[in-house]
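*Asks:* What follows is a single structure, and I will ask about it in a moment.
FYI, it's all coordinate maths here, none of it is from the lab. This one's a predicted model, so the numbers in the text were calculated from it and none came from an experiment. No Cβ is skipped: glycine too gets one built from the backbone with ideal geometry, and neighbour counts run over all protein chains shown.
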Amino acid sequence: MKSAAGTGTPHGVVDRPGPYCTIQDLGRTSGRRAGLAPGGAMDQRGYLWANRLLGNDPGAAALEVTLGGFALTFATETVVALTGADCAATLDGVETGAWRTIRARPAQVLRLAYSATGMRAYLAFPGGLDTDRAFGSASGVARDGLTGLLGRPLLEGEPLRWKDPLQACQSRYVPAHLVPKAGAEPPLVLPLIVGYEWPEFSDADRDLVFTAEWTVGPTSDRTAIRLEGPMLASGPKTLDSSPLVDGTVQVTGDSRPLVFMRDRPTIGGYPKLGGTDPIALDALAQVRPGSPVRFVRADPDALRLAMVRREEFFEMRWR
């Protein structure tokens, strides 16, 4: 097994990891039979753009920095890419901007301030980070307790290596019209594809799902975004545990919905309203506690077409 820095001299050292910084990729699909969460970047749009800017494989391992407060000292000349939450990034005190590549020299320090808008920033490296993998993925899921960075966040002084530090890369940026508008036009609208248990909720509760304005709760995390609002008192009375996927909307014991995210469990036994689509989860991953959210009835065919177009754009292989 490789160390946190892979093998050899590190290409950079994490001086300050911030509140919660992990290595993520597109997540693991082959560990579900062992009860492992898929993990993966919470905002996959931001993550995919970071890798695209460097010409990386779409699934190359990158850093997910939650709420900023991060600093990295480079030990080699290189180019990195930064996307996601607005963290007022600076390189040796000079503002760099985001949604673009950043060229760095040895001993320079990249700092991300605490985010002004959004929740998560993504920092990609040439060729991707050189680190441990399990069940086909480098994604860290603390709850699963895997070894090394697969089972914990980064620490102060963490050495990092990336696979192709000398990779040539021109300066690139994401066109302004493609950069998500953080915090714009609240509330966030989530398309809901109703599931097989939907008919067992009362007419009043089914109406309430779409008419109420929900609020992102303070205990939301990588496992689930918990929504506060009116209680949904109906639903199936007899339940067996059934599989969960990213975006499953479940009504838990407090009679309020939650939306499962990337570190979700593999099965759940509470009533399920249905699910929302992966593209909507990207926006939800950047919404802060206290922000408003609404559900709308989804058009499954339109969502499927949007996913196909995104996978083609980012040249994603079927996983």
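*Asks:* Mind giving me the nanometre distance, one decimal, between the label points for Ser202 and Arg32, set 7 Å out from Cα along Cα→Cβ?
*Replies:* 3.4
*Asks:* I've got another one for you. Determine the dipole magnitude for the chain: charges of +1 sit on the beta-carbon of Lys and Arg, -1 on that of Asp and Glu, nothing else is charged, the reference point is the Cα centre, and the result goes in debye to the nearest 20.
*Replies:* Result for the chain is approximately 540 debye, rounded to the nearest 20.
*Asks:* For the pair Met307 and Lys181, what calculated FRET efficiency results from E = 1/(1 + (r/R0)^6), where r is the Cβ-Cβ distance and R0 = 25 Å, to the nearest 0.05?
*Replies:* Efficiency at R0 = 25 Å is approximately 0.75.
*Asks:* Now for a different question. Could the peptides 58-70, 76-88, 37-49, 255-267 be put in order, highest first, of the mean number of other beta-carbon atoms found within 10 Å of their residues?
*Replies:* The most tightly packed comes first, giving 37-49, 58-70, 76-88, 255-267.
*Asks:* Cα atoms only: what Rg and Dmax, in Å, come out for the range 12-178?
*Replies:* Just the Cα atoms of the range 12-178 yield Rg and Dmax of 14.7, 48 Å.
*Asks:* Can you show me the helix-derived [θ] at 222 nm for the chain, built from DSSP H runs with n ≥ 4 at -39,500 (n - 2.57) apiece and divided by the number of residues, rounded to the nearest 500.
*Replies:* -4000 deg cm²/dmol
*Asks:* For the range 64-138, what number results from the quotient of the Cα radius of gyration and 2.2 N^0.38 Å?
*Replies:* Cα-based Rg divided by the globular estimate yields 1.12.
*Asks:* What does the range 150-232 give for Rg and for Dmax, in Å, if only its C-alpha atoms count?
*Replies:* 21.2, 61
*Asks:* Right, another one. For the range 188-313, what does the equivalent ellipsoid look like in terms of its semi-axes, each the square root of 5 times an eigenvalue of the Cα gyration tensor, given largest first in whole Å?
*Replies:* For the range 188-313, the semi-axes come out at 21, 17, 15 Å.
*Asks:* Return a whole-number percent for the relative contact order of the range 188-313, with Cα pairs under 8 Å and 6 or more residues apart as the contact set.
*Replies:* Computed value for the range 188-313: 37 percent relative contact order.
*Asks:* Could I ask something else about it? Taking just the alpha-carbon atoms of the range 14-112, what radius of gyration and Dmax come out, in angstrom?
*Replies:* When restricted to Cα atoms, the range 14-112 yields Rg and Dmax of 14.3, 48 Å.
*Asks:* Turning to a different aspect of this structure: Over all directions, how big on average is the projection of the convex hull of the alpha-carbon atoms in the chain, in square nanometres?
*Replies:* Seen from a random direction, the Cα hull of the chain projects 15.8 nm² on average.
*Asks:* If r is the Cβ-Cβ distance from Ala113 to Ser291 and R0 is 25 Å, what FRET efficiency results, to the nearest 0.05?
*Replies:* Values: r = 20 Å, r/R0 = 0.82.
It comes to 0.75.
*Asks:* Also, I was wondering about something else. Quick one: check the C-alpha center-to-center distance for the range 97-148 versus the range 178-221, whole angstrom.
*Replies:* Here the answer is 30 Å between Cα centres.
*Asks:* What is the local net charge at Gln167, summed over the other residues whose Cβ is closer than 15 Å to its Cβ (Lys, Arg +1; Asp, Glu -1)?
*Replies:* Taking every Cβ under 15 Å from that of Gln167, the sum is +1.
*Asks:* Given contacts defined as C-alpha pairs under 8 Å and at least six residues apart, what's the relative contact order of the chain, whole-number percent?
*Replies:* 21
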